[in-house]
Amino acid sequence: MHAAGQEGFTFLQTGFTQDLFAVHAGFIGGVAFGPNSVITNPCGFSGGALYTYDRTSTYSLNGSTLHTETDHPSNAGCGLANNPNGSLYTNTSLGVLQIDPSTGAVLAGPFGSAGDALGIATDPQTGNLVYAGPSGSGTLYQVNAQLTTSSTFSTALGADWIDGITFDPTGNYLFASARTGCECLSILRRDGTLVQNIPAMNVEPDGVAFNTGGVQSFNNGGPFVVTINTDGTITSYVFPNNDYTSTPVQSLFASGGYRGDISQIGSDSCMYIPQQGVRYADGTTDPSLATNSIVRVCGGGFVSVVPTDTPGAATNTPVPPTNTPAPPTATDTDTPVPPTATNTSTPVPPTSTFTPTPSVSIAGEWHGTVTTAQGKFSWEATIKQGAGGVLSGSIEIPNTSCESRLSGTLNGTAITMTWPLHGTCSGETVQLSGTVTTNGTAMSGTVTDTKRGPGTFVGHKDS
């Protein structure tokens, strides 16, 4: 167990180790691997850069040994998946793209049905890519690695919002984090039929990973499954006789971390976990949560079902990189954030002094309009405002069945919100970016709507 104040989680099951692998000045989402590198991205619907961390080049900051970052322009969504053909694939709102993991260059696509930009996994038996469809659809699609054929993999989940997905080591089962509808770990057979939905322990699961066992201090060295959760914990699921049709025993594997995201297992049998926050070795943290991190958990047994990277041996580089990019907008969920300008230089590591901009108060009931080239519609919302300017709540379009949970951020008077609509508007996502008046009673700005196109919005707080 790691004591409070150390890197990553304040509690981790005995027999496993952790270290802070990398930090980034902004929100990060999915994880994948390149030649001797670990890759993440800004978790956008599309247009995201690849943030690449070199396994052999490191620098020191706040007592931690961190890996240097190089950014490559690309067109990534949030979810990433390695493939035996050496390419990287990403789930985007436009479909699946094939990407060069070394350069970020798009090799093929977009192809297939639109995705939710989150879960994507390589089928270890066929090499096909299975990915989550638009929020609200509850559908998984699949495409072949050549991006020439596509089909529906499953409609059995019945969950509005599917996040991280991964196959078990045999490829006979697919595990999915269902974040709305049931907030559960769902298991499918490879023919797309449902095995079971397992309610989570009062948490919202995000990433999924497998451990084939070997650490005697946990589960007597037997196999187990973990989910990385949005409350900064990891839950373990032990299935009797490794039978996925049975009811698993759930227990706490790790806690005291930050909001977790879609994780992946490297060829070093370690789990790489993005977190919306950072804890350095000397106890320094970022109260604003603007600095995100990758935490590496090792100890044996974690298994990647497809070839990933070559780990290499780390060497310490005394001079840290230069030129810090502006951080992208973060959300308290991994609903993908709108794409931002790509910075191709290597960023300076964040400092230990953080001064977040105080935000105005906007919590309450709101109403407004969105105007695009296709017309105007009204909206009503309940906005909740949490620590660090994190926004949540709900939104509905009057006189329709269109509604959504909202997420976003407020930094000073700058606001962003994302509405993945359900009901008759299923598959439509509205992204808003603008400003709030200093008294917190009105807002306005620009809109990107996946079905209606670009436009503007206005909003007023109910008196």
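The figures follow:
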| item | result |
| --- | --- |
| Under 10 Å, Cβ to Cβ, from Q6 - net charge with Lys/Arg +1 and Asp/Glu -1 | -2 |
| Cα→Cβ-extended label distance, 7 Å offset, between D282 and T446, nm | 4.1 nm |
| Theoretical FRET efficiency, 1/(1+(r/R0)^6), r = Cβ-Cβ of S255 and Q196, R0 25 Å, to 0.05 | 0.45 |
| Under 5 Å, built H, 5+ apart or other chain: amide partners of V278 | D286 |
| Computed E for N85/Q374 - FRET, C-beta separation, R0 60 angstrom, nearest 0.05 | 0.90 |
| Karplus 3J(HN,Hα) series, Hz, for the range 218-234 with 6.51 cos²θ - 1.76 cosθ + 1.60 (x for Gly, Pro) | 10, 6, 6, x, x, x, 7, 10, 10, 10, 9, 10, 7, 9, x, 10, 10 |
| Between the range 110-186 and the range 242-296, the Cα center-to-center distance that results, in Å | 22 Å |
| Under-5 Å amide H pairs with F153, H placed in peptide plane, nonlocal only | L140, Y141, Q142 |
| Pair T170, T149: separation of 7 Å Cα→Cβ label points (nm) | 2.5 nm |
| At R0 = 22 Å, FRET efficiency that the Cβ-Cβ distance of N36 and V303 yields, to 0.05 | 0.65 |
| Potential extension, T382-V106 segment - 0.36 nm per residue separation minus Cα distance | 95.4 nm |
| Order by protection proxy (mean Cβ within 10 Å, highest first), peptides 443-455, 278-290 | 278-290, 443-455 |
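A short reminder: the numbers here are calculations on the coordinates, not readings from a lab. This is a predicted model, so every value here is computed, not measured. Backbone-built Cβ (ideal geometry, glycine too); neighbour counts: all protein chains shown.
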